[in-house]
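Trainee: Shown below is the structure under consideration.
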Amino acid sequence: MDRKYWFWINNIPRIGNIKIRKILKAFGDDPEAAAHAGDKELGCIGGLMQADIAAIMDLNLRKRLFEEYDRRTEDGNKMVFPFEDEYPSRLKEIYDRPNVIYYKGRLPVDDIKSVAVVGSRNCSEYGRSVAMELGRVLASAGAQVISGLALGIDVAAHQGAVLAGGLTFAVLAGGVDLCYPKQNFNTYVDIIRNGGIISEFPDNTPTRPGMFPLRNRIISGLCDAVIIVEAGIKSGSLITAAQALEQNRQVYAVPGRISDGDSEGCNHLIWQGAQIVYSYDELLAELNLNISEGTKINEKNILLASDEKMLYSQLLDFGPKSLETLIKETNMSQMQVFQALLALELKGLIKEISKNFYIRII
Amino acid sequence: MLGNAYTSVINGIDAVSVKVEADISAGFPCFDITGNLGVAVRESRERVRMAIKNSGIKMSPARMIVNISPADLRKEGTHYDLAVAMAVLQAAGRIKHNLCEDIMFIGELGLNGELRPVRGVLPMVINWCRSGKQYVVLPKENAMEASYVKDAKIIPAATLNEVIECINGNHTEVSFEKSDSSPLTEYGMDFADIHGQLSLKRAIMVAAASMHNMLMIGPPGAGKTMAAERIPGILPPMTYEQQLELSGIYSVAGMLKDGISFVDRRCFRAPHHCITPQAMAGGGNGLMPGEVSLACHGVLFMDEFNLFSTKTVEVLRQPMESGHILIDRVNGKVEYPADFMLVAAMNPCKCGYYPDRNRCNCTPAQVRAYFGRLSRPLLDRIDVCVQVPRIKYEDMVCDDKDIYTNEYMRSVVERAFNIQNERFAGEKYSLNSSIPAADISRYCVLDKEAENLMNSIYDSCDLSARGYHKLLKVARTIADIDDSEYITAEHICEASGYRMV
């Protein structure tokens, strides 16, 4: 089959994925046949307007798009179509598969487990550290970590995977050459090196709000299981979860506290029957992944003095606590608290996120 | 016939004596003044002529020329009137010549012959006395402020006639009683009024003990302003030289009035955040001192620190480093002292509650942007950064006083000041906060444990060289409060808790 025609059918203005799906169904997945079809044949397809048929039969447009295809392949833009072997087979299964995938770097491999780690942009420090840890654990167990490069949970998951030197893939809403959001450019570069960037839209397509649900269906479509780390009740990650269920993927959620608004969506998912992420080891076992030595957390073998231990284990929480509170609750002097906090910070166990507000990170 | 009288030109907070010469000769009647004059000085000839006439002194029409020398110095202000009048009266033979040689005349004349107060008296009197002379004639409203200069003999007067009388009567003493200048230490506000907030009060004490610049971060209504207002109250009294310098600045700025004749307390300046860079630095018409100079030896409080325009805030950089500010404008170049303690306050984010996620909905990007308005070099110059948490209900209603009262804090700060004065006896500076980088290793001596700790902090916290020195200076101050000769690990720990985030 000719890739040119596939490129052409994906780039006709005003013909989106739904219409393409209908056309391809009518012509047995052969866009070339559609190109050579007449008025009548095209008119039989429900949902196609007169203007659409004219656009399909517009030879000038076709010529222009063919030229553009040549130019893009010359430029080294990578794309893959459903009839090709490289096209991820997991995506083929889903009901509204993308009819083209543009990518940078590599594509996810079919016979390696893929796991998506997604969550809200506006996450807590705890959520960030869990996402990072999940990314790290999954990648070092050999899984492909897939997410959306968004701020917050998504990027933390990517970073964790990069840290472990594993495979990670980011699905963008806009074109793969535009790093969105641009704050994550460093991670974007790391991901290209450790895996790939994937999108349904051609290069230079700016990201618009309506594209995110489309992007989310690819994220869930590309993987075997989706883990929601932190999601509010109105979070876009819940769309991913819903689509994952539709696509028959396993959904996991990281539990939060009852009163915690950041985790309300996750808790709701669990209540509805989603799997709970209760420990990293159990998670790996359930996903049939090997628990390697690198996945074990080395938290226990750090030696702490008694003051530090008291601060660390009893008081410091994954929510931030102020210096004043710590002094009051420990009955230690300000000097002692400062000393213990500095020691913990130097050991990398806690972090000062705002002035004199401390949280534990492991 | 010739007549001479002396007065002064103000330049910054310094003054230069100038001589007013008058000549009356026959010819077409006129009255001219020369000598690079500003508008207000040029207008003085009308005031002088009418004041002389209305004081009942008859002058026959003649050619009167007045020159203020040196003629190349720019003259601004209205205080030349009296000297011009005295020179003219001498030239007209109304006053004996030799009487005015050792007297400086300061004052603006009204058309009815009365003397009106002027600004900048203090620097003029200081300069006059420095040149070995003593007598100064000035408006009685300005007499109080001039009397703080130790050697000066002040002759206050209310009208031109009074001035002539006391000159002709060979300086008949219109004696002036010096008000007793016992330093006032009561500011009417006490740290005991602030309940709880122990860590804040401790940090303020550390900062005040060496006038370290500090930044308070906290939610609205936590007590940042309340705490800042009380800082001048725990600083030790200024020395006489500092008082004189500060009063000079206020005198030049025309702010010594309404019964305030001398600034003997630490100042608290809290400019609003819409202030312009010029008002902050100084300048404008007459090159007035700005807020940084008015806060000299005291506290410059900047509430909502990040809402100040970027330019205004960056103006602070040079004075924070050097302790003075050089203002260079079209109409001159002056240097004002600007050795202040910066106390800045701000909210952690737009809504003010970060990192309390139950109340704050700001995204991390918004929080970063809120902080991002402050430049890193400026934050680098702030030594003590502290968080002011929301006050708890139990603390607010509890009436138990903690140890942090003004009395206790002032005694601690004063002791630390004394230690520092002793240590830096031979140096140009007298506080830890102004130790130059070259001298740090000499004065900030660490013990073994502290050195190891400092090493690991430097590596893991990614300090800059300035940040490293800053940490050592704060640790030095904490050690002084502790009366310890060496800086120990404890001191480093606490200082590191005051690090900028």
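The values are calculated or read from the model by the stated rules, or taken from the named source; none is laboratory data. On a predicted model such as this, the values are computed, not experimentally measured, just so you know. No Cβ is skipped: glycine too gets one built from the backbone with ideal geometry, and neighbour counts run over all protein chains shown.
Trainee: Quickly run through region A:28-48 and pick out the residues that are within 22 Å of residue A:100 (Cβ to Cβ) and of a type outside the set (D, E, K, R).
Mentor: Taking region A:28-48 as the starting set, the residues that turn out to be within 22 Å of residue A:100 (Cβ to Cβ) are A:28-37, A:42, A:45, A:47-48.
Result: A:28, A:31, A:33, A:34, A:35, A:36, A:37, A:42, A:45, A:47, A:48.
Trainee: In the list B:412, B:367, which residue meets the criterion of being within 25 Å of the chain's Cα centre (by Cα) and either away from chain A (no Cβ under 11 Å) or not acidic (Asp, Glu) (or both)?
Mentor: Numbers: B:367 fails: within 25 Å of the chain's Cα centre (by Cα).
Just a single option satisfies the conditions, and that option is B:412.
Trainee: Go through region A:316-350 and report how many residues are more than 10 Å from chain B (Cβ to nearest Cβ) and either surrounded by 16 or more Cβ atoms within 10 Å (Cβ to Cβ) or in contact (Cβ under 8 Å) with a residue 40 or more places away in the chain (or both).
Mentor: Qualifying residue count, region A:316-350: 8.
Trainee: While we're on this one: Can you tell which of A:164, A:150, A:141 is within 12 Å of the chain's Cα centre (by Cα) and hydrophobic (A, V, I, L, M, F, W, C)?
Mentor: Working: A:164 fails: within 12 Å of the chain's Cα centre (by Cα); A:141 fails: within 12 Å of the chain's Cα centre (by Cα).
Sole residue among the options that is within 12 Å of the chain's Cα centre (by Cα) and hydrophobic (A, V, I, L, M, F, W, C): A:150.
Trainee: Could you tell me whether residue B:44 is touching a helix residue (DSSP H, G or I) at 6+ places or on another chain (Cβ under 6 Å) and not assigned by TED's automatic domain parsing to the domain that holds residue B:249?
Mentor: Working: touching a helix residue (DSSP H, G or I) at 6+ places or on another chain (Cβ under 6 Å): yes; not assigned by TED's automatic domain parsing to the domain that holds residue B:249: yes.
Yes; evaluated as a whole, the condition is true for this residue.
Trainee: Any residue that is within 12 Å of chain A (Cβ to nearest Cβ) and not polar (S, T, N, Q) - is there at least one of those in region B:430-449?
Mentor: yes
Trainee: Any chance region B:32-43 includes a residue that's modelled with pLDDT under 95 and surrounded by 23 or more Cβ atoms within 10 Å (Cβ to Cβ)?
Mentor: No: zero hits.
Trainee: Which of the numbered conditions does residue B:467 fail, given that it passes all the others? Conditions: (1) assigned to a helix (DSSP H, G or I); (2) within 14 Å of another protein chain (Cβ to nearest Cβ).
Mentor: (2)
Trainee: How many residues does region B:102-151 hold that are in contact with a Lys or Arg (Cβ under 9 Å, 6 or more places away or on another chain) and of a type in the set (Gly, Ala, Ser)?
Mentor: Residues that pass the stated criteria total 4.
Trainee: Right, next: Give the residue, chosen from B:87, B:26, B:51, that is assigned by TED's automatic domain parsing to the domain that holds residue B:11, surrounded by fewer than 21 Cβ atoms within 10 Å (Cβ to Cβ) and out of contact with any Phe, Trp or Tyr (no Cβ under 8 Å at 6 or more places or on another chain).
Mentor: Residue meeting the stated conditions: B:26.
Trainee: Among the candidates B:104, B:86, B:64, which residue alone is over 15 Å from residue B:2 (Cβ atoms) and of a type in the set (A, V, I, L, M, F, W, C)?
Mentor: Numbers: B:86 fails: over 15 Å from residue B:2 (Cβ atoms); B:64 fails: over 15 Å from residue B:2 (Cβ atoms).
The unique qualifying residue is B:104.
Trainee: Say whether the condition of being touching a Pro at 6+ places or on another chain (Cβ under 6 Å), within 12 Å of chain A (Cβ to nearest Cβ) and aromatic (Phe, Trp, Tyr) is met by at least one residue in region B:336-354.
Mentor: Checking region B:336-354: at least one residue is touching a Pro at 6+ places or on another chain (Cβ under 6 Å), within 12 Å of chain A (Cβ to nearest Cβ) and aromatic (Phe, Trp, Tyr).
Trainee: Is it fair to say residue B:372 is under 30 Å from residue A:152 (Cβ atoms), more than 11 Å from every other protein chain (Cβ to nearest Cβ) and either hydroxyl-bearing (Ser, Thr, Tyr) or surrounded by 13 or more Cβ atoms within 10 Å (Cβ to Cβ) (or both)? Spell out the reasoning first.
Mentor: On the way: under 30 Å from residue A:152 (Cβ atoms): yes; more than 11 Å from every other protein chain (Cβ to nearest Cβ): yes; either hydroxyl-bearing (Ser, Thr, Tyr) or surrounded by 13 or more Cβ atoms within 10 Å (Cβ to Cβ) (or both): no.
No.
Trainee: Would you be able to say whether some residue in region A:214-221 is in contact with a His (Cβ under 7 Å, 6 or more places away or on another chain) and of a type outside the set (Asp, Glu)? Steps first, please.
Mentor: Step one: list which residues in region A:214-221 are in contact with a His (Cβ under 7 Å, 6 or more places away or on another chain), which gives none.
Checked against the condition, which is being in contact with a His (Cβ under 7 Å, 6 or more places away or on another chain) and of a type outside the set (Asp, Glu), region A:214-221 yields no hits at all.
Trainee: Can you confirm whether residue A:52 is surrounded by fewer than 18 Cβ atoms within 10 Å (Cβ to Cβ) and over 28 Å from residue A:139 (Cα atoms)?
Mentor: On the way: surrounded by fewer than 18 Cβ atoms within 10 Å (Cβ to Cβ): no; over 28 Å from residue A:139 (Cα atoms): yes.
In short, no.
Trainee: A follow-up question, please. Report yes if residue A:66 is of a type in the set (Phe, Trp, Tyr) and surrounded by fewer than 17 Cβ atoms within 10 Å (Cβ to Cβ), otherwise no. Please lay out each step first, then the result.
Mentor: Working: of a type in the set (Phe, Trp, Tyr): yes; surrounded by fewer than 17 Cβ atoms within 10 Å (Cβ to Cβ): yes.
Here the answer is yes, as residue A:66 does meet what is asked.
Trainee: Quick one: what pairs do we get from region A:150-176, first residue within 14 Å of chain B (Cβ to nearest Cβ), second of a type in the set (Ser, Thr, Tyr) and surrounded by fewer than 24 Cβ atoms within 10 Å (Cβ to Cβ), C-beta under 8 Å, 6+ apart or different chains?
Mentor: From region A:150-176, the pairs are A:151/B:363; A:155/A:187; A:156/A:129.
Trainee: Quick test for you: out of B:281, B:295, pick the one residue that is within 23 Å of residue B:414 (Cα to Cα), buried (at least 23 other Cβ atoms within 10 Å of the Cβ), modelled with pLDDT of 90 or more and small (Gly, Ala, Ser).
Mentor: Details: B:281 fails: within 23 Å of residue B:414 (Cα to Cα).
Result: B:295 is the single residue among B:281, B:295 that is within 23 Å of residue B:414 (Cα to Cα), buried (at least 23 other Cβ atoms within 10 Å of the Cβ), modelled with pLDDT of 90 or more and small (Gly, Ala, Ser).
Trainee: Output the qualifying pairs, or none if there are none: Cβ atoms under 6 angstrom, residues six or more apart or on different chains, first residue in region B:477-501 and more than 24 Å from residue B:372 (Cα to Cα) and within 11 Å of another protein chain (Cβ to nearest Cβ), second residue assigned to a helix (DSSP H, G or I) and polar (S, T, N, Q).
Mentor: Once the first residue is more than 24 Å from residue B:372 (Cα to Cα) and within 11 Å of another protein chain (Cβ to nearest Cβ) and sits in region B:477-501, its partners that are assigned to a helix (DSSP H, G or I) and polar (S, T, N, Q) give B:493/A:339.
Trainee: For region B:194-242, name all the residues that are of a type in the set (Val, Ile, Thr) and either assigned by TED's automatic domain parsing to the domain that holds residue B:123 or more than 19 Å from residue B:501 (Cβ to Cβ) (or both). Can you show your working first?
Mentor: First, pick out the residues of region B:194-242 that are of a type in the set (Val, Ile, Thr): B:194, B:204, B:206, B:217, B:225, B:231, B:234, B:239.
If the condition is that a residue be of a type in the set (Val, Ile, Thr) and either assigned by TED's automatic domain parsing to the domain that holds residue B:123 or more than 19 Å from residue B:501 (Cβ to Cβ) (or both), then B:194, B:225, B:231, B:234, B:239 are the ones that fit.
Trainee: Kindly evaluate residue B:422 against the criterion of being more than 14 Å from chain A (Cβ to nearest Cβ), out of contact with any strand residue (DSSP E or B) (no Cβ under 6 Å at 6 or more places or on another chain) and either modelled with pLDDT of 85 or more or on the phi < 0 side of the Ramachandran plot (or both). Spell out how you get there, then give the answer.
Mentor: Values: more than 14 Å from chain A (Cβ to nearest Cβ): yes; out of contact with any strand residue (DSSP E or B) (no Cβ under 6 Å at 6 or more places or on another chain): yes; either modelled with pLDDT of 85 or more or on the phi < 0 side of the Ramachandran plot (or both): yes.
Criteria met by residue B:422.
Trainee: Going residue by residue through region A:291-312, is there one that turns out to be within 21 Å of residue A:141 (Cα to Cα), out of contact with any Cys (no Cβ under 6 Å at 6 or more places or on another chain), assigned by TED's automatic domain parsing to the domain that holds residue A:135 and at pLDDT 80 or above?
Mentor: Among the residues of region A:291-312, not one is within 21 Å of residue A:141 (Cα to Cα), out of contact with any Cys (no Cβ under 6 Å at 6 or more places or on another chain), assigned by TED's automatic domain parsing to the domain that holds residue A:135 and at pLDDT 80 or above, which makes the answer no.
Trainee: Within region B:322-351, how many residues turn out to be within 22 Å of residue B:73 (Cβ to Cβ) and among the acidic types (Asp, Glu)?
Mentor: 2
Trainee: Next question. Applying the selection to region B:211-241, what residues are polar (S, T, N, Q) and out of contact with any strand residue (DSSP E or B) (no Cβ under 9 Å at 6 or more places or on another chain)? Give the steps one after another, and end with the answer.
Mentor: The first filter runs over region B:211-241 and keeps only residues polar (S, T, N, Q), leaving B:213, B:225, B:239.
Matches in region B:211-241: B:239 only.
Trainee: Evaluate the following for residue B:368: is it touching a residue at least 12 places away in the same chain (Cβ under 8 Å) and either out of contact with any helix residue (DSSP H, G or I) (no Cβ under 8 Å at 6 or more places or on another chain) or of a type outside the set (Val, Ile, Thr) (or both)? Give the derivation first.
Mentor: On the way: touching a residue at least 12 places away in the same chain (Cβ under 8 Å): no; either out of contact with any helix residue (DSSP H, G or I) (no Cβ under 8 Å at 6 or more places or on another chain) or of a type outside the set (Val, Ile, Thr) (or both): yes.
It is false that residue B:368 is touching a residue at least 12 places away in the same chain (Cβ under 8 Å) and either out of contact with any helix residue (DSSP H, G or I) (no Cβ under 8 Å at 6 or more places or on another chain) or of a type outside the set (Val, Ile, Thr) (or both).
Trainee: How many residues does region B:119-149 contain that are closer than 17 Å to residue B:244 by Cα and among the acidic types (Asp, Glu)?
Mentor: Number satisfying all stated conditions: 1.
Trainee: Also, I was wondering about something else. Within the bounds of region B:458-478, is there any residue that is buried (at least 21 other Cβ atoms within 10 Å of the Cβ), over 29 Å from the mean Cα position of the chain (by Cα) and closer than 21 Å to residue B:202 by Cβ?
Mentor: No.
Trainee: Scan region B:1-23 and tell me whether some residue there is surrounded by fewer than 17 Cβ atoms within 10 Å (Cβ to Cβ) and not in a strand (DSSP E or B).
Mentor: yes
Trainee: Within region A:146-170, how many residues are hydrophobic (A, V, I, L, M, F, W, C) and under 21 Å from residue A:263 (Cβ atoms)? If you could, list the steps in order and put the result at the bottom.
Mentor: So in region A:146-170, the residues hydrophobic (A, V, I, L, M, F, W, C) come out as A:146, A:149-151, A:153, A:155-157, A:161-164, A:167, A:169-170.
Retained after the next criterion (residues that are under 21 Å from residue A:263 (Cβ atoms)): A:150-151, A:153, A:155-157.
Qualifying residue count, region A:146-170: 6.
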